[in-house]
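This report refers to the structure that appears directly beneath it.
The values are calculated or read from the model by the stated rules, or taken from the named source; none is laboratory data. This structure is a prediction, so every number in the text was calculated from the model and none was measured. Here the Cβ positions follow ideal geometry from the backbone for every residue, glycine too, while neighbour counts run over all protein chains shown. The accessibility values were calculated without ligands, DNA or RNA, using every heavy atom of the protein model including side chains. Shrake-Rupley method; radii C 1.70, N 1.55, O 1.52, S 1.80 Å.
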Amino acid sequence: MAKIFTPTNQIRLTNVAVVRMKKGGKRFEIACYRNKVVSWRNNVETDIDEVLQTHTVFTNVSKGQVAKKEDLVKAFGKEDQTEICKEILAKGELQVSDKERQTQLDSLFKDIATTVADKCVNPETKRPYPVSIIEKAMKDVHFSVKPNRNAKQQALDVIPQLKATMPLERAQMRLKIVISGKEARKLREKVVKLATKVETEEWNSGELNLVCLADPGNFRELDETVRSETKGHGLLELLNLKEVTEGDELLE
């Protein structure tokens, strides 16, 4: 029974995240601080000392069995423990319990829904949806969370799926564009094609002053078009990130 019920190990492992990697036919493990592995991989945490509990490579963290130096050199071609730890951090598999994994997936699911709610509006009302509504819609389309991809990437993946079941569109950016010179009219046509809607358009002594709405996905192309066509003399200014109805700040 002692082998099955090991409270000492359980207590110790509540504070340890183990990252495991198999290389050269052997298993190597490192002991990290919980919640720091993902931060390191996302470049949020850059101090290795904040990630590693110890700069030591193990064959079994829970039993405290340290890897032999000759095994490390054979598998990794080096014996610098910190550098090997970094390689295991980057390529190894984070060991988590089923309960922890489900908690992480639930958290990521909510992050994705929050990102969608922040980026999109109901096109009929120009208001954002509450996160709870987006979560329900994601469940209705049976959206499956991928633990190795971030919330923003998956939010962009799920938006087209949600559009098929509910009124939804990307919140538009409001942009001010100022261009002058003989190419202004020609450039205007390119800008209008990339814009969703032209709100105001004024010509003054050959200078075009335009305020328009554009999908965030077209922003980079608009910016590059204005800069390249005007050789840096044109102006593209972001007036506000989302074109939504007043009072939306009160919505969760």
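Would you please classify the overall shape of region 53-197 from the alpha carbon gyration tensor, given that a ≥ b ≥ c denote the square roots of the eigenvalues, rounded means a/c under 1.5, and beyond that prolate means a/b larger than b/c while oblate covers the rest?
Working: a/c = 4.54, a/b = 1.85, b/c = 2.45.
Judged from the Cα gyration tensor, region 53-197 comes out oblate (a/c at least 1.5, b/c at or above a/b).
Of the peptides 57-67, 137-147, how do they stack up when ordered by the mean number of other Cβ atoms within 10 Å, highest first?
Those peptides, ordered most packed to least, come out 57-67, 137-147.
From the backbone phi of region 25-35, what are the Karplus-calculated ³J(HN,Hα) couplings (6.51 cos²θ - 1.76 cosθ + 1.60, θ = phi - 60°) in whole Hz, Gly and Pro given as x?
Values per residue, Gly and Pro as x: x, 10, 9, 10, 9, 10, 9, 10, 6, 4, 6 Hz.
Between Glu83 and Asp106, how many nm apart are label points set 7 Å from Cα along the C-beta direction?
The modelled label-to-label distance comes out at 4.3 nm.
Viscosity 0.890 mPa s, temperature 25 °C: what is the translational diffusion coefficient of the chain from Stokes-Einstein with a Kirkwood Rh over Cα pairs, rounded to a whole number of µm²/s? Mind showing how you got there, number by number?
Numbers: Rh = 22.5 Å.
Estimated via Stokes-Einstein, D reaches 109 µm²/s.
At 0.36 nm per residue, minus the direct Cα-Cα distance, what do Val141 and Lys91 gain on full extension? Give it in nm, one decimal, please.
In short, 14.8 nm is gained.
Stretch Lys74-Lys193 to full length: gain in nm at 0.36 nm per residue minus the Cα-Cα span?
Value of the extension gain: 36.9 nm.
Rounded to the nearest 500, what is the 222 nm mean residue ellipticity of the chain from helices alone, with -39500 (n - 2.57) per DSSP H run of 4+ residues and division by all residues?
After summing the helix terms and dividing by the residues of the chain, the value is -12000 deg cm²/dmol.
Ignoring everything but the protein chains, give the 1.4 Å probe accessible area of Ser97 in square angstrom, nearest 10.
50 Å²
Evaluate E = 1/(1 + (r/R0)^6) for Asp157 and Ser205, where r is the Cβ-Cβ distance and R0 equals 30 Å; express this FRET efficiency to the nearest 0.05.
Details: r = 47 Å, r/R0 = 1.57.
With a Förster radius of 30 Å, E is 0.05.
Spin-label point model (7 Å from Cα, Cβ direction): what's the Thr46 to His233 distance in nm?
Inter-label distance under the simple model: 3.9 nm.
Under a 5 Å amide H to amide H cut-off, with H placed in plane at 1.01 Å, what residues pair with Tyr129 once short-range neighbours are removed?
Asn122
Taking amide H positions as placed 1.01 Å from N in the peptide plane, with prolines and chain starts having none, which residues 5 or more places from Gln172, or on another chain, fall under 5 Å of its amide H?
Amide H neighbours of Gln172: Glu243.
Taking 7 Å along the Cα-to-C-beta vector as the label spot, tell me the Ile133-Arg185 distance in nanometres, rounded to one decimal.
In this crude spin-label approximation the distance works out to 4.5 nm.
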